[in-house]
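Chemist: Could you have a look at this structure, given as structure tokens, before my questions?
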Amino acid sequence: MTTAPARVRLTQFAHGGGCACKIPPGELESVVAGLTGTGPGSPNAELVVGLDDGDDAAVVRLAGGQGLVLTTDFFTPVVDDAYSFGRIAAANALSDVYAMGGTPVVAVNLLGWPRDVLPAELAAEVLRGGLEVAQEAGCHVGGGHSIDDPEPKYGMAVTGLVDLDRIIRNDAAQAGTPLSLTKPLGVGVLNSRMKATGEVSEEAVASMTALNRDAGRAAVAAGIRAGTDVTGFGLLGHLYKMARASGVTAVVDAAAVPYLAGAREALADGYVSGGTRRNLDWVRPHTDLSAATEDDALLLADAQTSGGLLLGGEVPGAPVIGEFVPRREHVLIVR
């Protein structure tokens, strides 16, 4: 990893970091409530997946059984190194296409930069990191848009393709299927520690920069049709949306959930973001947490950045962390 010679801690220029700076899920749902179920009177194309259930990306039908996948994601720095920040933000933006079972084909950059405070060379490093990850994914980067912004922000708008017969959606979970997770949790608390102390978790950086490409391909090959990725709303938040939209209950075996090294220690030391606590507050009324400790609940709600795929089915190498069952009193159960 490289950066400009002068040591600049990018996280100190942002009030939040990564997907933890998302608008809280309950608040966001109220903001967009009036936008669902609406569309043009004479649409130019059929919208297959839209805003109704808060899926990972929009999908429009194309001729020949294919769909056009459209998504965007950007956030404030989650790490101090500019190149790593670019790589993480790009992997996170591309993830939404993989979560739909698709393949990214072209992306455009979204950059906000405090040009009077941070050198342009650092912005170039951010863009270089994003470009390299997109190229690893086989995805073109065709320009973008930048603004002078008080806080540094970076991400991408990504367009991909998907076979509509094999699309993965968050409203397709079925009772009787296992629940798998393709990346360990814990980047939220580890990033909070890094922001406060400067201590970098290389394992967390490696996890955040890893593409969900192979996991997405494996899910499609396994015939999985239900899934999402785990980002700012935490595992519990994204799983709640998935189970709610599918009309089932999701049961999580807390002991089976994998975590990055040091995550529990970071939690014990108090490095919990406000986003994580808001996630837990949002799902708590809909979740049976009677068998879980408060620490387990916080880690399961930990605001992830560029997390793994959460799938209704099994894929090689991914631990099974629970199952979907017929709808019960609670939408989520942690046992």
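Chemist: On full extension of the chain, what length is gained from D288 through R335, given 0.36 nm per residue of separation minus the C-alpha to C-alpha distance?
Modeler: Length difference between fully extended and current span is 16.1 nm.
Chemist: Per DSSP H run of n ≥ 4, the term is -39500 (n - 2.57); total these for the chain, divide by its residue number, and report the mean residue ellipticity at 222 nm rounded to 500 deg cm²/dmol.
Modeler: Working: 10 runs with 107 residues, N = 335.
Mean residue ellipticity at 222 nm (helix-derived): -9500 deg cm²/dmol.
Chemist: Only Cα pairs under 8 Å and at least 6 apart count here; give the relative contact order of the range 48-167 as a rounded whole percent. Could the numbers behind the result be given before it?
Modeler: On the way: 268 pairs, mean separation 45.9, N = 120.
It rounds to 38 percent for the range 48-167.
Chemist: Taking N as the number of residues in the range 26-140, what value does Rg over Cα atoms divided by 2.2 N^0.38 Å take? Provide the component values of the computation, followed by the final result.
Modeler: Values: Rg = 16.8 Å, N = 115, 2.2 N^0.38 = 13.4 Å.
Ratio of Cα Rg to 2.2 N^0.38 Å: 1.26.
Chemist: Mean separation of Cα pairs under 8 Å and 6+ residues apart, divided by the residue count of the chain: what relative contact order is that in percent? Walk me through the numbers before you get to the answer.
Modeler: Numbers: 825 pairs, mean separation 77.5, N = 335.
After rounding, I find 23 percent.
Chemist: Could you state the accessible area per residue of the chain in Å², with a 1.4 Å probe and every protein chain left in place? Could the numbers behind the result be given before it?
Modeler: Working: 13650 Å² over 335 residues.
Here the per-residue accessible area is 41 Å².
Chemist: For the range 282-335, give the percent of accessible area contributed by carbon and sulfur heavy atoms, probe 1.4 Å, rounded to a whole number. All intermediate terms of the calculation are to be shown ahead of the outcome.
Modeler: Values: 1080 of 2190 Å².
Summing carbon and sulfur atoms, their accessible area is 49 percent of the total for the range 282-335.
Chemist: Beyond 16 Å, what share of the Cα-Cα pairs of the range 252-335 remains, rounded to the nearest whole percent? Walk me through the intermediate numbers first.
Modeler: On the way: 1984 of 3486 pairs.
Of the Cα pairs, 57 percent sit more than 16 Å apart.
Chemist: Give me the distance in nm between label points sitting 7 Å out from Cα along the Cα-to-Cβ direction at D116 and L164, one decimal.
Modeler: For the pair D116/L164, the computed spacing is 5.1 nm.
Chemist: Restricted to Cα positions, what overall size does the range 65-201 have along the principal axes? Three whole-Å values, descending.
Modeler: So the extents along the principal axes, rounded to whole Å, are 52, 34, 24.
Chemist: Among DSSP bridges having both ends in the chain, what percentage is antiparallel? Round to the nearest 5. Provide the component values of the computation, followed by the final result.
Modeler: On the way: 39 of 53 bridges.
Counting only bridges with both partners in the chain, antiparallel ones make up about 75 percent.
Chemist: Where does the charge balance sit around A268 when Lys and Arg score +1, Asp and Glu -1, over other residues with C-beta under 14 Å from its C-beta?
Modeler: Values: positive: R193, R264; negative: E265, D269, E294, D295, D296, D302.
Computed value for this residue: -4.
Chemist: Please work out the FRET efficiency for the pair A124 and R61, using the Cβ-Cβ distance as r and a Förster radius of 51 Å; give the result to the nearest 0.05. Don't skip to the end; give the middle numbers.
Modeler: Numbers: r = 39 Å, r/R0 = 0.76.
About 0.85, to the nearest 0.05.
Chemist: Work out, step by step, the length gained on full extension between D149 and T197: first 0.36 nm times the residue separation, then minus their alpha carbon distance; give nm to one decimal.
Modeler: On the way: separation 48, 0.36 × 48 = 17.28 nm, distance 2.53 nm.
Between D149 and T197, full extension yields 14.8 nm more.
Chemist: Taking the simple approach of a point 7 Å from Cα along Cα-to-Cβ for both F13 and A268, what is their distance in nm?
Modeler: Each label point is offset 7 Å from its Cα along the Cβ direction, giving 3.6 nm.
Chemist: With the contact rule set at Cα under 8 Å and sequence spacing of 6 or more, what percent relative contact order holds for the range 95-234? Let's see the in-between values first.
Modeler: Working: 184 pairs, mean separation 52.5, N = 140.
Across the range 95-234, relative contact order equals 37 percent.
Chemist: Additional query: Considering every pair of different Cα atoms, what Kirkwood radius, in Å, is found for the chain?
Modeler: Working: mean 1/r = 0.0502 Å⁻¹.
Over the chain, the inverse of the mean reciprocal pair distance is 19.9 Å.
Chemist: Which order do peptides 143-156, 265-278 fall in by mean Cβ count within 10 Å, highest first?
Modeler: Details: 143-156: 17.0, 265-278: 19.0.
The packing order, highest mean first, is 265-278, 143-156.
Chemist: Considering the Cα positions of the range 167-283, please state its Rg to one decimal place and its Dmax as a whole number of Å.
Modeler: 15.2, 44
Chemist: Let me ask you something else. Using 1/(1 + (r/R0)^6) with R0 = 45 angstrom and r between the beta carbons of Q135 and D281, what's the FRET efficiency to the nearest 0.05? Before the final figure, lay out the partial values.
Modeler: Values: r = 40 Å, r/R0 = 0.89.
It comes out at approximately 0.65.
Chemist: Between A45 and D214, what length comes free when the chain is fully extended (0.36 nm per residue of separation minus the Cα-Cα distance, one decimal in nm)? Can you show the working numbers first?
Modeler: Values: separation 169, 0.36 × 169 = 60.84 nm, distance 3.00 nm.
Result for the pair: 57.8 nm of gain on full extension.
Chemist: Under a plain spin-label model, where a point goes 7 Å from the Cα along Cα-to-Cβ, how far apart in nm are V108 and R328?
Modeler: Here the modelled spin labels are 4.8 nm apart.
Chemist: Follow-up question, since we're still on this one. Take every DSSP beta bridge whose two residues both sit in the range 239-335, then give the antiparallel share in percent to the nearest 5. Show your work: numbers first, answer last.
Modeler: Details: 5 of 10 bridges.
Of all bridge pairs located within the range 239-335, approximately 50 percent are antiparallel.
Chemist: Counting only protein heavy atoms, what percent of the accessible surface of the range 219-263 is carbon or sulfur at a 1.4 Å probe? Show your work: numbers first, answer last.
Modeler: Details: 500 of 990 Å².
That fraction is 51 percent.
The values are calculated or read from the model by the stated rules, or taken from the named source; none is laboratory data. All values reported here derive from a predicted model rather than from experimental measurement. Every residue, glycine as well, gets a Cβ built from its backbone with ideal geometry; the counts of neighbours run over all protein chains shown. These accessible areas exclude ligands, DNA and RNA; they are computed on the full protein's heavy atoms, side chains included. Shrake-Rupley method; radii C 1.70, N 1.55, O 1.52, S 1.80 Å.
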